[in-house]
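Contents: one structure, followed by commentary.
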Amino acid sequence: MVQERTELPIERRASLRAFNSFGLPATAAALVRVRSEADVRRVVDHPELGPAPKLILGGGSNLVLTRDIAATVLKVEILGRRLVAQTDDAVIVEAGAGENWHELVAWTLQQGWPGLENMALIPGLVGAAPVQNIGAYGVELKDRFESLDGVDLVTGRNVTLDARHCAFGYRDSAFKHGLAGKTLITRVRLRLPRPWTPVLGYLDLQRRVHDTGNATPDAGTVFDWVCAIRRSKLPDPQQIGNAGSFFKNPVVSAEQCRDIIGRDPSVVHYPLPDGSAKLAAGWLIDACGWKGKSIGRAGVYERQALVLVNRGGAIGAEVLTLARAIQESVYGRFGIRLEPEPVIL
Ligand code: EPU
């Protein structure tokens, strides 16, 4: 049970270091933990907090903090997981925005409701999953999305949004644009289609199928494979500060792609239905010699060049300096502008 609070504790000059997976230092002028929809309404009705600009913070796993935050930080701690409905063609589950994403994935599998296994071990909280339309190994949040509840931070009203309202794109949604800081996501409902079929198209999973000789893995096996793949190439934020992929994989025209292949035949690329192609940003960065390199206390992860890491005590400005140097060298060599994937503040 969520304990109802009559007043909202405001933490002044709160350190955000423990609340961002990069481990970057910054303070929030005011921080409020919201544990229920009623708490969000208390914020909206509050004489000081109500009119102030707001920053919604989930697990802080997709965030680069380069400065102190003047806005009121709302740290989402809304919990709860439940089965909403079970029909012949789907299981619908709901989770509070403050639930840990990976634990939700594991819980659904324990209940016998597969469908999220390809997105195992993605860091962060449930409420952040729609914000950047998280995805991995061939499945994106939008493929399993039913609807979400939120509270309008201007009116205090409850809203329910479907996929159309959320405008999901590649690591993108309306919550990064028009709804940023305006709608606080409180609960997310996911639709797990029945009958379940494994999604094994991604190269790393194909390799597992080949190596194990198991072409019909169950969902628990796919979950184990995804966890093993991620652990082998992505740093654990508990041990090495990072925000996952630092850049989006760029999409280039067919002509541009042909030109790059002409110069670098080994470039990793995925043709898209409209003739354009998505290039592996990790490959481009690696090809420019960045893997394992550092600028100051910010570095490029040794096993995956797409991930920037905090080598210990880095500040946001160092991460940005490194990111810019990488962007310049990739642009210089390939003529491609890499776009950062996390939110930079
Ligand atoms: N590659 C290199 N060198 C590197 C890194 C990658 O040559 O240093 C090559 C790999 O060999 C591979 C290709 O680039 O052929 C793609 O690499 P990988 O399969 O690791 O995936 P990715 O494109 O780097 C994307 C997502 C990840 C997601 C994986 C798996 C983005 C920006 N990143 O990474 O998402 O886990 O696919 O689906 O789309 C995240 O968003 O934070 C994230 C980790």
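Of the helices (runs of 4 or more DSSP H) entirely within the range 191-280, those holding at least 3 residues that are within 19 Å of the chain's Cα centre (by Cα) occupy 219-233. Residues that are touching a helix residue (DSSP H, G or I) at 6+ places or on another chain (Cβ under 7 Å) and free of Cβ contacts under 8 Å to residues at least 12 places away in the same chain occur at least once in the range 158-166. Within the bounds of the range 40-63, is there any residue that is outside any loop (DSSP other than H, G, I, E, B), under 22 Å from the mean Cα position of the chain (by Cα) and farther than 20 Å from VAL154 by Cα? Yes - at least one qualifying residue is present in the range 40-63.
Surrounded by fewer than 17 Cβ atoms within 10 Å (Cβ to Cβ), within 14 Å of the ligand (Cβ to nearest atom) and not aromatic (Phe, Trp, Tyr): does that describe ARG297? Considered against the rule, which asks whether it is surrounded by fewer than 17 Cβ atoms within 10 Å (Cβ to Cβ), within 14 Å of the ligand (Cβ to nearest atom) and not aromatic (Phe, Trp, Tyr), ARG297 comes out as no. Taking first residues from the range 114-140 that are in contact (Cβ under 8 Å) with a residue 60 or more places away in the chain and assigned to a loop (DSSP other than H, G, I, E, B) and partners that are near the ligand (Cβ under 9 Å from one of its atoms) and polar (S, T, N, Q), the Cβ contacts under 7 Å between residues at least 6 apart in sequence or on separate chains come to PRO123/SER61; GLY124/SER61; GLY124/ASN62; GLN132/ASN62; TYR137/ASN118; GLY138/ASN118. Taking residues in the range 217-245 that are more than 10 Å from the ligand (Cβ to nearest atom), and partners anywhere that are of a type in the set (Val, Ile, Thr), the pairs with Cβ atoms closer than 8 Å and at least 6 places apart or on different chains are PRO217/VAL209; VAL222/VAL199; PHE223/VAL105; PRO235/VAL307; PRO235/VAL309; ILE240/VAL309; GLY241/VAL309. So which residues in the range 64-107 are more than 19 Å from the chain's Cα centre (by Cα), in a loop (DSSP other than H, G, I, E, B) and of a type in the set (Ser, Thr, Tyr)? Across the range 64-107, the qualifying residue is only THR87.
Filtered by the rule that a residue be buried (at least 16 other Cβ atoms within 10 Å of the Cβ) and free of Cβ contacts under 8 Å to residues at least 60 places away in the same chain, the range 254-267 gives CYS257, VAL267.
Is it the case that the range 162-171 has a residue that's within 11 Å of the ligand (Cβ to nearest atom), within 25 Å of VAL76 (Cα to Cα), outside the structural domain of VAL268 (by TED's automatic domain parsing) and hydroxyl-bearing (Ser, Thr, Tyr)? The answer is yes, given that some residue of the range 162-171 is within 11 Å of the ligand (Cβ to nearest atom), within 25 Å of VAL76 (Cα to Cα), outside the structural domain of VAL268 (by TED's automatic domain parsing) and hydroxyl-bearing (Ser, Thr, Tyr).
Within the range 7-26, can one find any residue that is in a strand (DSSP E or B) and surrounded by fewer than 12 Cβ atoms within 10 Å (Cβ to Cβ)? Checked against the condition, which is being in a strand (DSSP E or B) and surrounded by fewer than 12 Cβ atoms within 10 Å (Cβ to Cβ), the range 7-26 yields at least one hit. Given the criterion surrounded by fewer than 17 Cβ atoms within 10 Å (Cβ to Cβ) and within 16 Å of the ligand (Cβ to nearest atom), identify the matching residue among LEU203, LEU284. Answer to the check: LEU203. Restricting attention to the range 310-326, the residues being assigned to a helix (DSSP H, G or I) and in contact (Cβ under 8 Å) with a residue 24 or more places away in the chain number 9.
Does TYR270 satisfy being among the hydroxyl-bearing types (Ser, Thr, Tyr), more than 29 Å from PRO25 (Cβ to Cβ) and assigned by TED's automatic domain parsing to the domain that holds PHE246? So TYR270 fits the description; yes. Modelled with pLDDT under 95 and of a type in the set (A, V, I, L, M, F, W, C): does that describe ALA52? So ALA52 fits the description; yes. I'd like to know if the range 187-202 contains one or more residues that are modelled with pLDDT under 95, farther than 30 Å from SER36 by Cα and not assigned by TED's automatic domain parsing to the domain that holds GLY59. Within the range 187-202 (the criterion being modelled with pLDDT under 95, farther than 30 Å from SER36 by Cα and not assigned by TED's automatic domain parsing to the domain that holds GLY59), the answer is yes, since at least one residue qualifies.
Just one of (1) among the acidic types (Asp, Glu); (2) farther than 30 Å from ARG208 by Cα; (3) crowded, with 16+ Cβ neighbours inside 10 Å fails for ASP68. It is (3).
The values are calculated or read from the model by the stated rules, or taken from the named source; none is laboratory data. Note that the structure is a prediction, hence the values are computed from the model and not measured. Every residue, glycine as well, gets a Cβ built from its backbone with ideal geometry; the counts of neighbours run over all protein chains shown.
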